[in-house]
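S.K.: This is the structure I want to talk about, given as structure tokens.
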Amino acid sequence: MIDLKTFGYIENEKPPDGLFPARITAVHRERYELICNENINLKASTQENTQHGRLKASVYYGREPQIFPTVGDFVFISPVEGGDCQIVKTLPRRTYFARLDPDPNGGTQQAVAANFDYVFIMSSLNKDFNVKRIERYIVQTRQSGAIPIVILTKADLTPDTTDAMAQVFDIADGVDVIPVSVVSETGLGRLEQYLTPEKTVVFLGMSGVGKSSLLNKLVGQAVMDVKTIREDDSRGRHTTTHRQLIVLPSGAMVIDTPGMRSLGMWEADDGLSETFADIEALIGACRFSDCKHETEPGCAVLVAIENGSLSVSRLDSYRALQRESAYAARKAEFLKIKNERNKEIAQFSKEYKKSKGFKR
């Protein structure tokens with residue numbers, strides 16, 4: 001029988017009678033795959049200890065709804081005889097990764113993964129290599145509370161990875177950067193220090209960077225389809241169509257995410273402060289607290305640019321990501337107020353109809 005502790009579960013809250021802890025391993029629209037200690041569901045399962053569940057509507061769609069679970073979340077479930085389990089509570093998260101919802105009519109954020117230890121930020125050493133994108137991913141990873149690891153895939157395509165690594169080191173102080181190749185097996189041994197029992201790793205990167213190929217190599221068999229990339233821009237088509245948690249032979253777990261064409265910035269003040277600690281230290285040393293770092297006397301940022309210790313491109317990146325984070329914060333506050341107002345209107349309408357004796 002599987003012990004949920006090997007999946008990273010720590011019992012900080014004892015389940016109420018009749019409920020069992022479980023971990024979400026995949027999300028398929030409104031249906032969830034999950035793993036638990038016991039095969040509690042009386043409905044036949046395709047895999048031992050793997051169950052299916054659906055959200056309990058009164059809990060997740062009520063006036064004070066629970067946070068919708070995502071892959072990696074720990075939840076409490078209630079068995080249903082002959083059917084899918086009911087998911088009744090999302091447990092507090094250690095780490096959480098979200099991005100700005102790409103749907104302009106959607107919510108403020110889109111869940112990506114929860115309760116992980118490392119994020120493998122994957123970028124291939126081909127035409128699609130993009131340092132600015134890596135920088136954005138690092139900010140989001142640090143905001144989540146996890147440790148970013150930059151994986152430069154397809155190292156067999158270039159005879160020398162020194163320049164690419166130097167570019168990443170310039171924007172990622174203190175971050176481990178590992179060139180790997182599934183073909184030549186370069187760098188795979190260096191990943192072992194992170195792929196240890198009970199640890200969870202998120203694979204994050206654009207389509208075509210080699211996430212599926214690396215995952216297949218680590219598992220030791222083809223668990224994910226691998227698709228070719230376009231010759232003109234080295235970009236690929238989506239292979240992973242949904243987020244899922246896969247257990248490696250080492251006992252580590254990998255949350256594979258669909259390749260994302262964009263990673264809209266979510267509120268990331270903490271991630272920005274950690275990633276751009278050098279710039280924020282300079283800002284704190286400016287003569288004026290409201291310094292705009294343009295022409296003001298006593299500006300430590302301008303001095304650093306003049307003496308070459310800070311590049312203009314790095315300052316531009318900081319400002320751009322700061323603007324995105326501020327925009328996300330404003331949007332979140334606007335939608336929060338809008339949703340609260342809609343709830344008040346709906347409640348008023350319900351009470352009004354009830355007072356007038358209207359029936360459905």
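The values are calculated or read from the model by the stated rules, or taken from the named source; none is laboratory data. Quick caveat: nothing in here was measured; it's all calculated off a predicted structure. Positions of Cβ are backbone-derived with ideal geometry, glycine not excepted, and every protein chain shown enters the neighbour counts.
S.K.: Please go through segment 193-228 and pick out each residue that is β-branched (Val, Ile, Thr) and modelled with pLDDT of 85 or more.
M.R.: 196, 200, 201, 202, 209, 219, listed by residue number.
Results for (1) within 30 Å of residue 60 (Cα to Cα); (2) assigned to a strand (DSSP E or B); (3) among the aromatic types (Phe, Trp, Tyr); (4) without any contact (Cβ under 8 Å) to a residue 12 or more places away in the chain, shown as yes or no for each residue.
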position: 113; (1), (2), (3), (4): yes, yes, no, no
position: 132; (1), (2), (3), (4): no, no, no, no
position: 135; (1), (2), (3), (4): no, no, no, no
position: 166; (1), (2), (3), (4): no, no, no, yes
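S.K.: Additional query: For segment 1-29, give me each residue that is closer than 23 Å to residue 81 by Cα, β-branched (Val, Ile, Thr), in contact (Cβ under 8 Å) with a residue 60 or more places away in the chain and out of contact with any helix residue (DSSP H, G or I) (no Cβ under 9 Å at 6 or more places or on another chain).
M.R.: 24, 27 - these are the residues of segment 1-29 that are closer than 23 Å to residue 81 by Cα, β-branched (Val, Ile, Thr), in contact (Cβ under 8 Å) with a residue 60 or more places away in the chain and out of contact with any helix residue (DSSP H, G or I) (no Cβ under 9 Å at 6 or more places or on another chain).
S.K.: Whether any residue in segment 143-154 is outside any loop (DSSP other than H, G, I, E, B) and without any contact (Cβ under 8 Å) to a residue 12 or more places away in the chain is what I want to check. Lay out the reasoning, then the answer.
M.R.: First, the residues of segment 143-154 that are outside any loop (DSSP other than H, G, I, E, B): 143-144, 147-153.
After this cut, where a residue has to be without any contact (Cβ under 8 Å) to a residue 12 or more places away in the chain as well, the list is none.
No, every residue in segment 143-154 fails to be outside any loop (DSSP other than H, G, I, E, B) and without any contact (Cβ under 8 Å) to a residue 12 or more places away in the chain.
S.K.: Those residues that are touching a Ser or Thr at 6+ places or on another chain (Cβ under 8 Å), part of a loop (DSSP other than H, G, I, E, B) and farther than 13 Å from residue 210 by Cα, I need them from segment 168-188; list them, please.
M.R.: 172, 187
S.K.: So which residues in segment 309-323 are without any contact (Cβ under 8 Å) to a residue 40 or more places away in the chain and in a helix (DSSP H, G or I), if there are any at all?
M.R.: Of everything in segment 309-323, those that are without any contact (Cβ under 8 Å) to a residue 40 or more places away in the chain and in a helix (DSSP H, G or I) turn out to be 312, 313, 315, 316, 319, 320, 323.
S.K.: May I ask you to list pairs of residues, at least six apart or on different chains, whose Cβ atoms are under 9 Å apart, with the first in segment 284-295 being touching a residue at least 12 places away in the same chain (Cβ under 8 Å) and the second being in a loop (DSSP other than H, G, I, E, B) and loosely packed, with under 10 Cβ neighbours inside 10 Å?
M.R.: Here the result reads 287/297, each pair linking segment 284-295 to a residue that is in a loop (DSSP other than H, G, I, E, B) and loosely packed, with under 10 Cβ neighbours inside 10 Å.
S.K.: Test residue 310 against the criterion of being buried (at least 17 other Cβ atoms within 10 Å of the Cβ), at pLDDT 70 or above, more than 30 Å from residue 196 (Cα to Cα) and touching a helix residue (DSSP H, G or I) at 6+ places or on another chain (Cβ under 8 Å), and give yes or no.
M.R.: Numbers: buried (at least 17 other Cβ atoms within 10 Å of the Cβ): yes; at pLDDT 70 or above: yes; more than 30 Å from residue 196 (Cα to Cα): yes; touching a helix residue (DSSP H, G or I) at 6+ places or on another chain (Cβ under 8 Å): yes.
Taking the combined requirement at face value, the residue satisfies it.
S.K.: Could you list, in sequence order, all residues of segment 270-309 that are of a type outside the set (Gly, Ala, Ser) and closer than 25 Å to residue 147 by Cα? Before the answer, list the steps.
M.R.: Taking segment 270-309 first, the residues of a type outside the set (Gly, Ala, Ser) are 270, 272, 274-276, 278-280, 282-283, 286-288, 290-297, 299, 301-303, 305-307.
Across segment 270-309, the qualifying residues are 270, 272, 274, 275, 276, 278, 279, 280, 282.
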